[in-house]
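First up is the structure itself, then whatever we jot down about it.
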Amino acid sequence: MPSTDATACPHCGWPDRGEPFRVLSRHTTATGHTEWTRCGCGSLQVRVADGCGTRVVSRSGPAARSGAASR
């Protein structure tokens, strides 16, 4: 997954701080926590929350639509 400094999803343009995104898991770290989330478009994102705020540090492309691979 490529690292990113963007403030919006490059796949759908939705702001990183905006909803909807779904938290898949949250893990405590020495400086805060790490969240694995999924954007509304299906992009998997890694968010880090620490003393500098919350930011997306890595993301994948949108999830493939079901049925598209079987055609």
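Please treat every number below as a calculation from the coordinates, not as lab data. Since we're looking at a predicted model, the values are computed, not measured. No Cβ is skipped: glycine too gets one built from the backbone with ideal geometry, and neighbour counts run over all protein chains shown.
A few remarks follow.
- Karplus 3J(HN,Hα) series, Hz, for the stretch 35-49 with 6.51 cos²θ - 1.76 cosθ + 1.60 (x for Gly, Pro): 10, 9, 10, 10, 5, x, 7, x, 5, 7, 10, 10, 10, 10, 10
- From most to least packed by mean Cβ count within 10 Å, the peptides 45-52, 29-36 give 45-52, 29-36.
- Each Lys or Arg adds one and each Asp or Glu subtracts one; over the other residues with Cβ under 13 Å from the Cβ of residue 43, this totals +3.
- Computed from phi, the 3J(HN,Hα) profile of the stretch 8-13 under the Karplus parametrisation 6.51, -1.76, 1.60 (θ = phi - 60°) reads 9, 5, x, 8, 10, x Hz, with x in place of Gly and Pro.
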